[in-house]
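Please read the structure below before turning to the comments.
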Amino acid sequence: MNVVAMAAGLYDVAPPRDGGVAIRGLTRRFGHGPAVLDGLDLTIAPGEFVALLGHSGSGKSTLLRMLAGLDPVSEGTLSRPDAIAVVFQDSRLLPWKRVWDNVVLGQAGADRRERAVAVLGEVGLGHRVDAWPLTLSGGEAQRAALARALVRRPAFLMLDEPFAALDALARLKMQRLVARLWTRHGCAVLLVTHDVDEALMLADRAIVLDHGRIRTDLAIPLDRPRHHADPGFIHLRGVLLDALGVHDD
C-alpha cells in the first residue's frame with residue numbers, strides 16, 4: 001500500500017485493505033482562488049465500484065488527477081494501492097505502434113505480445129491485435145485503452161468519462177463490457193461520469209460532488225443485471241437528479 005501524501009500531524013488514517021482507497025481532509029487550491037477540493041473525505045473498499053458525478057468545476061477531474069499521482073497532495077491524506085491504471089475519454093493510442101504494442105507500452109518481458117493478445121481477447125479485440133490505431137473505430141480504440149489498463153493488473157482502476165465520445169450503441173456495449181471485466185478482475189473502480197443512468201447501471205455507490213465537497217453519497221442496492229424500468233432504478237435516478245439540481249417541473 002502506498003501512502004501518497006500525509007500532512008504532518010493533521011490526520012492519523014489507517015490505510016485501507018489491499019486494493020482500497022482512503023481520503024481524509026483532502027484540499028486542493030490553485031493560486032489564491034477558492035478550494036477546488038474542500039476537506040474531502042472518501043473511502044472506496046477493495047473491489048467496490050464507485051461512480052463520481054457533478055457539474056463541471058465540481059472537482060471531479062482534480063480528484064482523479066490527485067488519485068493518479070498527476071497533481072500533488074499538500075493538505076490532507078490520500079492512500080491508495082501502488083497498482084493503479086487510468087482510462088481517459090481519449091484513448092491516447094500512439095498511431096505509429098500496432099494495437100498490441102500500445103497495450104503493453106512501457107512494459108518489459110519476452111511475453112509482452114502474449115500478454116497483449118490475452119487481454120485484447122478479453123475486450124473483444126482479438127482480431128485487431130496487429131491493426132494500426134487509426135484503423136480502429138471509436139469503440140475499438142476505447143477497448144484498446146481499457147486493455148492497456150487491465151494488462152497492468154490494477155488493484156484500483158480509474159475511468160475518466162471513457163464512453164463520452166461514443167455513440168449510444170457503442171456506449172451501451174462498453175458499459176456491459178466494463179461490468180463483465182469488473183466482475184472478472186475484482187479491482188476497485190472509480191468512474192467519473194455525467195450520465196446518471198450509467199452510474200446506476202454500473203456502480204455500487206454514486207457520489208455527487210458539489211464545490212469540492214460530497215453532496216450525496218448514495219448506495220445502489222440493486223440486483224445485477226439492472227434495468228431502467230425497475231422501480232428501484234427509477235427512484236434512485238430521481239434522487240441523483242435532485243442532488244444534481246435537475247428537477248421535474
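What the table shows:
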item: Among (1) surrounded by 16 or more Cβ atoms within 10 Å (Cβ to Cβ); (2) within 21 Å of F49 (Cβ to Cβ); (3) without any contact (Cβ under 8 Å) to a residue 24 or more places away in the chain - the single one V178 does not satisfy; result: (3)
item: Filter result for A164 (within 21 Å of the chain's Cα centre (by Cα), surrounded by fewer than 17 Cβ atoms within 10 Å (Cβ to Cβ) and hydrophobic (A, V, I, L, M, F, W, C)); result: yes
item: Test: residue in the range 203-214 that is within 17 Å of the chain's Cα centre (by Cα), touching a residue at least 60 places away in the same chain (Cβ under 8 Å), part of a helix (DSSP H, G or I) and within 19 Å of T183 (Cβ to Cβ); result: no
item: Output for the range 116-169, where each listed residue is in contact (Cβ under 8 Å) with a residue 60 or more places away in the chain and at positive phi; result: R153, E161
item: Test: residue in the range 90-110 that is touching a residue at least 60 places away in the same chain (Cβ under 8 Å), surrounded by fewer than 22 Cβ atoms within 10 Å (Cβ to Cβ) and either assigned to a loop (DSSP other than H, G, I, E, B) or β-branched (V, I, T) (or both); result: yes
item: Pairs with Cβ under 9 Å, 6+ apart, first in the range 182-198 and farther than 19 Å from G47 by Cβ, second among the β-branched types (V, I, T) and outside any helix (DSSP H, G or I); result: V196/V246
item: Residue within the range 212-227 that is surrounded by 15 or more Cβ atoms within 10 Å (Cβ to Cβ) and over 25 Å from V21 (Cα atoms) present; result: yes
item: Residue identified as farther than 24 Å from R80 by Cβ and more than 18 Å from the chain's Cα centre (by Cα) among G106, G139, G126; result: G126
item: Residue identified as among the aliphatic types (A, V, I, L, M), closer than 26 Å to I44 by Cβ, in contact with a helix residue (DSSP H, G or I) (Cβ under 8 Å, 6 or more places away or on another chain) and in a helix (DSSP H, G or I) among A141, A147, A116; result: A147
item: The range 66-86 - residue that is of a type in the set (A, V, I, L, M) and over 18 Å from R28 (Cα atoms) and, of those, surrounded by the fewest Cβ atoms within 10 Å (Cβ to Cβ); result: A83
item: Within the range 120-142, tally of residues that are of a type in the set (S, T, N, Q), closer than 13 Å to V103 by Cα and loosely packed, with under 15 Cβ neighbours inside 10 Å; result: 0
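Conditions tested, residue by residue: (1) within 21 Å of D160 (Cβ to Cβ); (2) of a type in the set (D, E); (3) in contact with a Pro (Cβ under 8 Å, 6 or more places away or on another chain); (4) at pLDDT 95 or above.
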residue	(1), (2), (3), (4)
V192	yes, no, no, yes
A203	yes, no, no, yes
V208	yes, no, no, yes
I220	yes, no, no, yes
R224	no, no, no, no
L236	no, no, no, yes
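Residue by residue, here is whether (1) out of contact with any Gly (no Cβ under 7 Å at 6 or more places or on another chain); (2) under 15 Å from V189 (Cα atoms) holds:
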residue: A68; (1), (2): yes, yes
residue: S91; (1), (2): yes, no
residue: L105; (1), (2): yes, no
residue: H127; (1), (2): yes, no
residue: L136; (1), (2): yes, no
residue: A155; (1), (2): no, yes
residue: L166; (1), (2): no, no
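The values are calculated or read from the model by the stated rules, or taken from the named source; none is laboratory data. Only a predicted model underlies this, so the values are computations on that prediction, with no experimental measurement involved. Neighbour counts run over all protein chains shown; Cβ positions are idealised from the backbone, glycine included.
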